[in-house]
Amino acid sequence: MPGIHEVNLKVLVMDTDFYALHAINGFLAWDRRTRVTYLSDSLEQMWAYIDRTPLAELPDVVLLDSDHLGGPTELRRTIHELCRHIEDVRVICLAQQVDPALVEAAAEAGARGFLLKNDVRLQIAWAIVYSLPRDFIITHSVKKATAHLSNRRVLRASTLPEMKKFPELTDRIRQAIKLCVVEGMPAHLAADEMGISLHTIRGYIKEGYRILEAYDETEYPVDMTPQERAFMRFTAFENERDEDHHYSEAS
């Protein structure tokens, strides 16, 4: 997978769900490899933005809510139009539930992935970067639900790895990391939420940072904060190097 310094992707997010739209924006904001340039809650809003945006500022990636476009035919048309308007754009479809017909339509139209929101969640930036050297990516739930399809791109799709495991992280340390790092909650509020002292939660965070760092050899930009590094480590994929090695050999 490309290094942090090598990736700088402009991302447009189109999602009719207000909360999903802003959650995705928040998760992408933590990762310097992705820069959200526009949030849209409708196709009309998305197309208006694309029409008025200079060529150099058009997105490299479009995250497209596929659930509410009007079915497979409209999904195909939307993806075709995006590819026609934006050269080399990567369209990645998101959905709340798996509809095999939508997955097949996305693959046929040239999308680069179909991901279930509940599968990918805070790993959305990792998923985008994971798609870069791959033809079509899916999550585990999508793979299971589309096993009967004959579409070649779906059958040969790369399945996102599981979230990286950190055996030393206790449930309480993991909860502290989620509250203070993933959700950005101030330490004193997180301490109240967990029913512990401020001193204790600071200890949890310090120990969590140590554990996350011990399992990671990635080189990060010198100006990246400990919180940024912790988020990227906490949300990384399992066996990333093994996956990349397997891909290189297959190529």
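The values are calculated or read from the model by the stated rules, or taken from the named source; none is laboratory data. Just so we're clear, the structure is a prediction, and the values are computed from it rather than from any experiment. FYI the Cβ positions are ideal-geometry reconstructions off the backbone, even for glycines, and counts take in every protein chain you see.
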Report task. Restricting attention to the range 82-104, report how many residues are in contact (Cβ under 8 Å) with a residue 12 or more places away in the chain, in a helix (DSSP H, G or I) and over 14 Å from residue 145 (Cβ atoms). Result -> 3
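In the range 105-119, what residues are surrounded by fewer than 24 Cβ atoms within 10 Å (Cβ to Cβ), under 29 Å from residue 230 (Cβ atoms) and touching a residue at least 24 places away in the same chain (Cβ under 8 Å)? Full working, then the answer.
Pass one, the range 105-119, residues surrounded by fewer than 24 Cβ atoms within 10 Å (Cβ to Cβ): 108-110, 112, 116-119.
This time we only want the ones that are under 29 Å from residue 230 (Cβ atoms), so: 112, 116-119.
Once the filter is applied, which keeps residues that are surrounded by fewer than 24 Cβ atoms within 10 Å (Cβ to Cβ), under 29 Å from residue 230 (Cβ atoms) and touching a residue at least 24 places away in the same chain (Cβ under 8 Å), the range 105-119 yields 112, 116, 117, 119.
Which count do you get for residues in the range 120-139 that are more than 17 Å from residue 7 (Cβ to Cβ) and at pLDDT 95 or above? So that I can check it myself, show each step before the final result.
First, the residues of the range 120-139 that are more than 17 Å from residue 7 (Cβ to Cβ): 120-122, 135-136, 138-139.
Right, trim to at pLDDT 95 or above and you get 135-136, 138-139.
The number of residues fulfilling the criteria is 4.
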Query raised in the report: Which pairs have Cβ atoms under 6 Å, sit 6 or more apart or on different chains, and link a residue in the range 49-67 that is free of Cβ contacts under 8 Å to residues at least 60 places away in the same chain to one that is surrounded by fewer than 16 Cβ atoms within 10 Å (Cβ to Cβ) and in a helix (DSSP H, G or I)?
Result: 50/85
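Based on this model, can you work out whether residue 214 counts as farther than 18 Å from residue 3 by Cβ, within 27 Å of the chain's Cα centre (by Cα) and loosely packed, with under 12 Cβ neighbours inside 10 Å? Break it down into steps so the answer makes sense when it comes.
Numbers: farther than 18 Å from residue 3 by Cβ: yes; within 27 Å of the chain's Cα centre (by Cα): yes; loosely packed, with under 12 Cβ neighbours inside 10 Å: yes.
Against the criterion (farther than 18 Å from residue 3 by Cβ, within 27 Å of the chain's Cα centre (by Cα) and loosely packed, with under 12 Cβ neighbours inside 10 Å), residue 214 qualifies.
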Query raised in the report: Name the pairs whose Cβ atoms lie under 8 Å apart, with the first residue in the range 176-191 and under 19 Å from residue 211 (Cα atoms), the second of a type in the set (Val, Ile, Thr) and in a loop (DSSP other than H, G, I, E, B), and 6 or more positions between them or separate chains?
Result: 182/235
Query - Residue among 73, 37, 16 that alone is among the β-branched types (Val, Ile, Thr), in a loop (DSSP other than H, G, I, E, B) and at negative phi - result: 16
Query raised in the report: Among (1) assigned to a loop (DSSP other than H, G, I, E, B); (2) modelled with pLDDT under 90; (3) over 24 Å from residue 24 (Cα atoms), which single condition is residue 220 missing?
Result: (3)
Requested in this report: Would you kindly identify the helices (runs of 4 or more DSSP H) lying entirely within the range 137-196 that contain at least 3 residues that are in the same structural domain as residue 92 (by TED's automatic domain parsing) and not basic (Lys, Arg)?
Outcome: 140-145
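Out of all the residues in the range 197-217, which are in a helix (DSSP H, G or I) and of a type in the set (Ser, Thr, Tyr)?
Step one: of the range 197-217, the residues in a helix (DSSP H, G or I) are 198-214.
200, 204, 209, listed by residue number.
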Query raised in the report: Do any residues in the range 154-171 that are within 18 Å of residue 130 (Cα to Cα) have Cβ atoms under 7 Å from those of residues that are small (Gly, Ala, Ser), where the two are at least six apart or on different chains, and which pairs are they?
Result: 154/107; 160/127; 164/236
